[in-house]
Amino acid sequence: MSKMIPFYEALLETAGLTVTSDGCVSIKTSKDSKPMTMKGKRLVLPTREHQSNPSPDTKIMFHPLVENVMRGESDVFERFRMAINGRMNVVFGTIVHTLLQLGTSQAEQHKLTPEQSEFLSKVKNADEKTLIALKKIMDSLSATQHQKLFVSIFLKRGGTVGDKRYARVGVVHFPFYNELKKGDPELHGVKLRVKDREALIGLLDYILPEQDIAGVYNRGSNSTLAPSIDALMQAVKAIAAPLNDLIVRFEGILPDNLLINADWVEQLDNLDNDRELLAEIRSTPMQPGNEGTVPGTEAEKQQQAANTQTAFTAPAGSSQQQGAPVVLGAQRPATPPPATPGWPAATAPAPASSSAPVRTSSGGTDFEALVRSKPALQQAVGWGGSHGWNPGQAWQQAAPTRASLSNPSGPVGGGSWGGNAWGGQQSSWGQQGGGWNQGGGQWGQQQVRL
Amino acid sequence: MHQFVGNGMGDKFRVRQLVMVETSGNAQQYRRPYETVVTPGVQQLVMDRLDPKQTVTPASLAGVANQFIVPSAAPEKAVAIPYGWEQRRLRFMMLLDHIGPAGVEITQVITGYSEFFDPSLQGSIDPHMNFYVNSTMALRRVVARTAIGNRDYYNVADAAHVIVDNAWENVHQSQKEFRMRPADVYSTMTRIHLDQAVNADMNDTRTLVTQLPQKSWRRNANTTAYASALFENYQTAMKLDAFGQTQDQILSQARGHSVEQSVAQDPFMNAINKIRGSQNGNAFTVHDLLRLDPHAMDDDIALLSYQGQASPINPGMGNNTFFNTGAMEVGWGAANQYTQIATILSHSIPAIMVESAIANIIVHCTNRNEFRQPQVLVSGMRDFPSMAGTTIDMTQFIEKFKWRVANEVLNDVSFNNDLDYAFNLKLDLLGDSIIEISMSGGPFESFTLPSFCDALLVPIVTNNDQRALQVASDFTSLFDSVLNSNDIAPGASYHGQSGANWGQL
């Protein structure tokens, strides 16, 4: 019984992705699913079948548990981290908007229990204009404009959490909250009144406490197996616990399918000691796309640039487009001999073909146990149209790939969280559907699946 | 035996035996170059094994090397051979006596393959058909005076693959290949900082595979020997480091310690190239060979075996069957543990065979026993000295072979026997090698490798410059971690770039 593949499936589900029965990764949409691609290649799990038929020209395997610590972030890991960021912001944004909408609509507040009503004191001065301002700001948010996000997770190589040093640190930032705290009259081009700002800050504090304390949600890893994925998911766990806690508290008000799957927690916490998992990992070699880039090289710089790219523009030309190659060492004769008869020409190559309790410093509860006790919640998809949120066809679009950027004739996906998170491109939430409240698709139905 | 005659360009050559066997074709073969995967656990393991003050030997890294440097599981490239893998061709093994200008006699073993095979009705072969040299080996006979009289000893003076890009056109061609021999890795290390600064294609002609043949020690295909050579030569360069030397100067010294024998130093290839009037290439024709030794194709010297013809030739331990084309194609094309281990076995063990003077061997290896310890059983073999007409006691060589296979290969592929395995190996340096693998109690999967042309498949050649750079970069980091410091804080050892962020705001 494989342990690694279910672990990977759980990780991907947390990122808002789904795995088909044949081991292919897809982006969940309201009606069906769209293939998840990277650089034109289908993302797949390293199942026995895919390892036997790797087809490196058409497939790329998700295998972050084999990590080269000497290298930078791999292509696969980078895209996964961006998908995780996308999913966390979808959840965070939905909660913020729903609660503010509820806080400004007295007609619906009678439904709240005393425990649920606690948040009303945080938004007591908010009104319809506050809600409008929030929607305007959210319409301007972009998956790749990290400085605008509710929450942004990145990885740091060699850092400290508290007074302990770690090989990898998952760093959690709250850019939206920090911008509000600056007190500027405008936020991302939207004018905010003092009471708007105070209401939003109060609400954010209620949803995820201690955002103003630097590094409180950072988590580190000294795993001897795969410190990067461990640090990233430990950081996810740190923020998912209070968020899931809140989602459960507002059951019936917040969509059930916002719950963040955490079936991976137990295995993650036992990553270095699970010998069965270790044997399986050792039996699954490193796969292309997971190697990581050489630190400091142009490849890594390009990758980091892609991470923070803010304009929907083609990336800098590939190395092959930079003119004459740089030649080191002695040159060969100007007139080379022709290829040996019988051998193919050099220009025509033949390509190869958890049940552990989850507690946080903020007193988060055992959200996993809660999720597990409600199978219906785990399987829920879609949350109807009554909430009115709609970033258009977000997540439904096939991810635009880097290949499509450098090849205009190729398929170019529209702006979407799916595209943003995995395509490394800029576009805004709601771009496709014309805004958070427009279009026919339902946000929750499209990308949030627990 | 005939006298030394012919046009050896100053040297004397005598072809003692030329065995040519038809092979009706092979499945598509793929290149799987080395790749480094340094996990934190492995990094610590290497640091524990290597003492900066002690000399590094292959035994130092036995059981560890394959955990951080392995042939890639995913095939990098479908390897080309003249007229395709389905082409009928001859594989050959030539025993050649050579007396150099200094009067020292050595026996060379040349192996390779022809570009095609299309015999005449009388069974003659095309005198202009190219034979490609795959590998060369030199056996040196040493006479020792002992209390019981003179005794002959043989040692392997040189055993190398011949690396050449027969499709080479010029430095501007789109598909280029790069060498990753230890000396080449040091060269690549000196340009890592350039790649960090220059956004362009890097054509480092120091490591390009061109039409000029280069030799690569067969032991470079054994990961344990390869990794230990990289550590040892760097360590030696550091010891000889004059005060104030730069890293580049240390790497140059390390490169000097790693230099391999050149083709110009290879008696046979040097003579053939002179006969052909060219310094290029690894090919010769029957016509060229006859100029080297007019008796080379005499009936008692040149033995030809092809399909439909009864032949006394027995180069493959009585297994003169012909491989069915395409039968193993799916297996070699996979990117899983089985193909990775098959690749390791098919390269590492022949490297040990050559150094033990073994031409072909049947080996059974397993750790399916009470104490889960590696067991190596040899059930048949043939050695090079006996093929050269000398019978010697091979006992010590077989024992050495078994010990090295267990320690340098089996412990590595099994993660020090954490993984259960059973291997049945029928390895023939002059023909096809058949490898049967069973892991964790699973069924046996079979792989067939054309060993007669394994220079095309060596893991020290890649067509991906980034891969060469990555291997060099990872070894640089390991040198820093292991040899340059004894006190590494967690995290700080990760390429010394503490604080580098990914996806930072």
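The values are calculated or read from the model by the stated rules, or taken from the named source; none is laboratory data. All values reported here derive from a predicted model rather than from experimental measurement. Cβ atoms come from the backbone with ideal geometry, glycine included; neighbour counts cover every protein chain shown. Accessible surface areas use protein heavy atoms only, side chains included; no ligands, DNA or RNA. Shrake-Rupley method; radii C 1.70, N 1.55, O 1.52, S 1.80 Å.
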- Task: Kindly provide the set of residues from segment A:12-48 that are touching a strand residue (DSSP E or B) at 6+ places or on another chain (Cβ under 9 Å) and closer than 21 Å to A:Asn270 by Cβ, ordered by number.
- Result: A:Leu12, A:Glu13, A:Leu45, A:Pro46
- Message: Could you go through segment B:207-222 and let me know if any residue there is outside any loop (DSSP other than H, G, I, E, B), of a type outside the set (Gly, Ala, Ser) and in contact with a Leu (Cβ under 6 Å, 6 or more places away or on another chain).
- Response: no
- Across segment B:433-483, what is the total count of residues that are among the aliphatic types (A, V, I, L, M) and within 13 Å of chain A (Cβ to nearest Cβ)? 10
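To keep it simple, each residue is scored yes or no on (1) at pLDDT 80 or above; (2) open to solvent by 10 Å² or more (accessible area, probe 1.4 Å).
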position	(1), (2)
B:Leu96	yes, no
B:Ile99	yes, yes
B:Tyr113	yes, no
B:Gly123	no, yes
B:Met129	yes, no
- Just need a number here: residues in segment B:415-474 that are open to solvent by less than 10 Å² (accessible area, probe 1.4 Å) and aromatic (Phe, Trp, Tyr). 4
- Note on the structure: Of the candidates B:Ile352, B:Ile392, B:Ile361, B:Ile398, the one satisfying the condition of being closer than 26 Å to B:His161 by Cα, modelled with pLDDT of 90 or more and touching a Ser or Thr at 6+ places or on another chain (Cβ under 8 Å) is B:Ile398
- Query: What pairs can you find where one residue is in segment B:62-76 and more than 14 Å from chain A (Cβ to nearest Cβ), the other is polar (S, T, N, Q), and their Cβ atoms are less than 7 Å apart, with a gap of 6+ or different chains?
  - Reply: B:Ala62/B:Thr224; B:Ala62/B:Asn407; B:Ala62/B:Asn411; B:Ala65/B:Thr223; B:Ala65/B:Thr224
- Message: Being part of a loop (DSSP other than H, G, I, E, B) and closer than 20 Å to A:Val248 by Cβ is the filter here; which residues of segment A:84-128 pass it?
- Response: A:Leu112, A:Thr113, A:Pro114, A:Glu115
- Message: When the residues of segment B:241-268 are narrowed to those that are open to solvent by less than 20 Å² (accessible area, probe 1.4 Å) and over 18 Å from the mean Cα position of the chain (by Cα), which ends up nearest to B:Ser135 (Cα to Cα)?
- Response: B:Phe268
- Message: Out of the strands (runs of 3 or more DSSP E) lying entirely within segment B:85-167, which hold 3 or more residues that are away from chain A (no Cβ under 14 Å) and charged (D, E, K, R)?
- Response: B:131-146, B:149-163
- So how many residues does segment A:175-218 have that are crowded, with 22+ Cβ neighbours inside 10 Å and within 14 Å of chain B (Cβ to nearest Cβ)? 2
- Note on the structure: Those residues of segment A:188-221 that are of a type in the set (S, T, N, Q) and touching a Gly at 6+ places or on another chain (Cβ under 8 Å) come to a total of 2
- Query: Is there any pair with a first residue in segment A:142-166 that is more than 7 Å from every other protein chain (Cβ to nearest Cβ) and of a type in the set (Gly, Ala, Ser) and a second that is assigned to a strand (DSSP E or B) and surrounded by 22 or more Cβ atoms within 10 Å (Cβ to Cβ) whose Cβ atoms are under 7 Å apart and which are 6 or more apart or on different chains, and what are they?
  - Reply: A:Ser142/A:Ser428
- Item | Yes/no for B:Arg32 being at negative phi and either surrounded by fewer than 23 Cβ atoms within 10 Å (Cβ to Cβ) or of a type in the set (A, V, I, L, M) (or both) | no
- Note on the structure: Checked segment B:335-380 for anything out of contact with any strand residue (DSSP E or B) (no Cβ under 9 Å at 6 or more places or on another chain), of a type outside the set (D, E, K, R) and within 14 Å of chain A (Cβ to nearest Cβ); matches are B:Asn336
- Query: Do we find that B:Ala334 is over 26 Å from B:Phe415 (Cα atoms), surrounded by 19 or more Cβ atoms within 10 Å (Cβ to Cβ) and at pLDDT below 90 in this structure?
  - Reply: no
- Query: When both residues are 6+ apart or on different chains and their Cβ atoms are under 7 Å apart, which pairs have a first residue that lies in segment B:259-284 and is closer than 20 Å to B:Ala102 by Cβ, and a second that is open to solvent by 40 Å² or more (accessible area, probe 1.4 Å) and of a type in the set (A, V, I, L, M)?
  - Reply: B:Asn270/B:Ala264; B:Ala271/B:Met9; B:Lys274/B:Met9
